[in-house]
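Asks: Below is a structure I'd like to ask you about.
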Amino acid sequence: MTALPSATPVPPVSGTPLLRVENLCKTFLLGRTFLPGSGHPLHAVDNVSFDIFPGETLGLVGESGCGKSTLGRCLMRLYEVNSGRILLDGTDLAPLSQRQLRPVRRQMQMIFQDPAASLNPRRRVGDLLAEPLKVHGMGDTAGIAKRLRELMDIVSLPASFLDRYPHEFSGGQRQRIGIARALALNPQLIVADEPVSALDVSVQAQIVNLFSDLRRQFNLTTLFIAHDLSVVRQVSERTAVMYLGSIVEMGPTDPLFRKPAHPYTQALLSAVPVPRVGTAARRDRILLKGEIPSPTHPPAGCRFHPRCPAAQDRCRSERPKLSPLADGRQVACHFPLAS
């Protein structure tokens with residue numbers, strides 16, 4: 001996608017976080033059989049911690065397979081977590097049963113990557129949008145009908161589309177319907193799992209602009225998961241970079257993009273297209289050597305050291321923790337670039 005301008009500067013976030021994630025871990029067992037102790041553990045999310053403050057958009061970026069989508073589904077409790085805490089407005093969601101989660105689900109909603117797969121093809125759009133309102137008892141028939149018209153107006157679709165089926169729409173229109181469904185219950189938190197990656201390039205910018213408008217209009221708190229760094233820079237105040245199930249750098253978006261502190265972040269940013277020509281606009285591309293280690297057998301020490309051009313003996317034996325830098329960022333690196 002064509003690179004987008006940076007987000008409008010915002011004051012530093014402060015106060016009490018709406019979402020606090022503490023030491024979250026999720027492991028899948030591969031090749032498991034009926035025998036006790038069988039299977040190989042795959043560490044999809046490995047000791048992840050972060051906060052999201054009210055009204056903030058936190059971007060989450062990383063290579064495919066690094067655990068971004070798994071983390072988002074863990075936050076929504078679509079996956080059971082192995083350990084850690086998920087505090088939404090002070091309530092720990094991790095130990096709650098499905099029955100206990102039901103009233104909490106009004107406060108958190110998810111926008112999925114593929115709108116065609118997330119919308120039931122056998123149901124009309126009006127039924128899809130009305131279902132969460134009916135499940136949670138929000139309004140009578142007339143009130144729900146009014147709310148459906150409001151939702152369609154919010155995402156810039158005509159109310160006449162409520163009588164159509166998902167297959168009758170383009171990819172961008174289906175994603176707008178998915179966004180409308182997520183907004184139906186006025187949630188406190190939105191988890192957007194790569195909401196523009198399945199769309200045509202010509203449509204992506206429209207959806208990104210819609211997210212920006214909705215954030216200003218409703219003061220949305222959002223975890224925006226993406227692999228397109230240009231999109232993340234446009235929509236997020238802070239950015240977290242994920243590698244092999246762990247967050248390796250996190251902080252305000254503009255400083256992180258201008259001067260990355262982790263070698264992996266630097267390599268990711270070197271691959272972002274520059275929408276200008278000339279010598280001054282050129283960027284040295286950093287090509288990482290080797291393959292991503294298997295999450296079933298992660299390397300000792302720093303997870304990135306087999307591919308890091310600056311790895312030292314300490315990196316191979318001691319795993320770094322997220323440590324604060326002077327500019328408010330955190331980086332999991334023994335020898336950060338911005339130090």
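Asks: Using a simple charge model, +1 on the beta-carbon of Lys and Arg, -1 on the beta-carbon of Asp and Glu, nothing else, what dipole does the chain show about its Cα centre, in debye to the nearest 20?
Replies: Numbers: 40 positive and 29 negative charges, 40 e Å.
Its charge dipole is roughly 200 debye.
Asks: I need the fraction of alpha carbon pairs in the stretch 214-325 separated by more than 19 Å, rounded to a whole percent.
Replies: 54
Asks: Express the relative contact order of the stretch 140-209 as a whole percentage, based on alpha carbon pairs under 8 Å and six or more residues apart in sequence.
Replies: This gives 30 percent for the stretch 140-209.
Asks: In Å and whole numbers, how far do the C-alpha atoms of the stretch 149-236 stretch along each principal axis, longest first?
Replies: Ordered largest first, the stretch 149-236 gives principal extents of 36, 28, 17 Å.
Asks: Where in the stretch 229-256 does the amide nitrogen come within less than 17 Å of the point 7 Å from the Cα of R216, taken along Cα to Cβ?
Replies: 234-237
Asks: If one computes the Cα centroid of the stretch 104-144 and of the stretch 302-339, what distance in Å separates the two points?
Replies: So the separation of the two Cα centres works out to 43 Å.
Asks: May I ask you to derive the FRET efficiency for L29 and L78 from their Cβ-Cβ distance with R0 = 22 Å, giving the value to the nearest 0.05?
Replies: 0.80
Asks: Extension gain T296-L337, at 0.36 nm per residue separation less the Cα-Cα distance, in nm?
Replies: Extra length from T296 to L337 when fully extended: 11.9 nm.
Asks: Separate question: Taking 0.36 nm per residue of sequence separation and subtracting the Cα-Cα distance, how much length would be gained by fully extending the chain between S317 and E150, in nm to one decimal?
Replies: Net length gain for the segment: 54.5 nm.
Asks: Please determine, in degrees from 0 to 90 and to the nearest 10, the orientation of helix 141-154 with respect to the longest principal axis defined by the Cα atoms of the chain, where the helix direction is its Cα long axis.
Replies: That works out to roughly 50 degrees.
Asks: Let me ask you something else. Could you put H297, H227 in order of accessible surface area, largest first, with the 1.4 Å probe and the full protein assembly present?
Replies: Ranked list, largest accessible area first: H297, H227.
Asks: Which sequence of T27, T91 reflects their accessible areas, 1.4 Å probe, from the largest down?
Replies: T91, T27
Asks: Using a 10 angstrom cutoff on alpha carbons, build the Gaussian network for the chain and name the most mobile of V61, V21, V241.
Replies: V21
Asks: Taking amide H atoms as placed 1.01 Å from N in the peptide plane, list the residues 5 or more away in sequence, or in a different chain, whose amide H sits under 5 Å from that of R319.
Replies: For R319, whose amide H was placed from the backbone, the distant partners under 5 Å are G301.
Asks: A further question follows. Could you tell me the relative contact order of the stretch 167-272? Use alpha-carbon pairs under 8 Å, at least six residues apart, and round to a whole percent. Intermediate values should be presented prior to the final figure.
Replies: On the way: 90 pairs, mean separation 21.0, N = 106.
For the stretch 167-272, the relative contact order is 20 percent.
Asks: Based on C-alpha coordinates, I'd like the Rg and Dmax of the stretch 34-118, in Å.
Replies: 14.7, 48
Asks: Given the options E291, E22, E56, which has the most mean-square fluctuation in a GNM of the chain, springs set between C-alpha atoms less than 10 angstrom apart?
Replies: Among E291, E22, E56, the largest mean-square fluctuation in the Gaussian network model of the chain belongs to E291.
Asks: Can you work out the base-10 log of I(q)/I(0) for the stretch 7-166 at q = 0.08, 0.10, 0.20 1/Å, using the Debye formula on its C-alpha atoms alone?
Replies: -0.34, -0.53, -1.32
Asks: Taking R0 as 41 Å, what's the FRET efficiency between H167 and R285 from their Cβ-Cβ distance, rounded to 0.05?
Replies: It comes to 0.50.
Asks: With every protein chain left in place, what is the accessible area of R314 in Å² (1.4 Å probe, nearest 10)?
Replies: In the full protein context, R314 sits at about 110 Å².
Asks: Something else now. State the answer as a single residue: which of V208, M110, V235 lies farthest towards the positive end of the charge dipole of the chain, with beta carbon charges of +1 for Lys and Arg and -1 for Asp and Glu, about the Cα centre.
Replies: M110
Asks: Taking 8 Å as the Cα distance limit and 6 or more residues as the minimum spacing, I'd like the relative contact order of the chain as a percentage.
Replies: It comes to 21 percent, rounded to a whole number.
Asks: Also, I was wondering about something else. Choose one answer from H136, H262, H305: the residue with the largest mean-square fluctuation in a GNM of the chain with alpha-carbon springs under 10 Å.
Replies: Comparing H136, H262, H305 in a Gaussian network model of the chain, the most mobile one is H136.
Asks: Can you check what the Kirkwood hydrodynamic radius comes to for the chain, Cα pairs only, in Å to one decimal?
Replies: Numbers: mean 1/r = 0.0469 Å⁻¹.
Result for the chain, one decimal place: 21.3 Å.
Asks: Here's something else I'd like to know. Based on Cα coordinates alone, diagonalise the gyration tensor for the stretch 98-215, multiply each eigenvalue by 5, take square roots, and list the semi-axes in whole Å, largest first. List each step's numbers first, then the result.
Replies: Details: eigenvalues 94, 58, 36 Å².
Its equivalent ellipsoid spans semi-axes of 22, 17, 13 Å.
Asks: Now a separate question. Give the ranking of T222, T141 by solvent-accessible surface, highest area first, calculated with a 1.4 Å probe.
Replies: The ranking, largest first, comes out as T141, T222.
Asks: Okay, moving on. At 0.36 nm per residue, minus the direct Cα-Cα distance, what do D127 and V272 gain on full extension? Give it in nm, one decimal, please.
Replies: That works out to 48.1 nm of additional length.
Asks: Determine the distance separating the Cα centre of the stretch 242-265 from the Cα centre of the stretch 180-208; give it in Å without decimals.
Replies: Cα centroid of the stretch 242-265 versus Cα centroid of the stretch 180-208: 23 Å apart.
Asks: Given the -39500 (n - 2.57) contribution per DSSP H run of 4+ residues, what per-residue ellipticity at 222 nm results for the chain, rounded to the nearest 500 deg cm²/dmol?
Replies: Rounded to the nearest 500, it is -8000 deg cm²/dmol.
The values are calculated or read from the model by the stated rules, or taken from the named source; none is laboratory data. What you see is a predicted model, and the numbers here were worked out from it, not measured in a lab. Counting neighbours? That spans all protein chains shown, and the Cβs are built from the backbone with ideal geometry, glycine included. Surface accessibility is based on the protein's heavy atoms, side chains included, excluding ligands, DNA and RNA. Shrake-Rupley method; radii C 1.70, N 1.55, O 1.52, S 1.80 Å.
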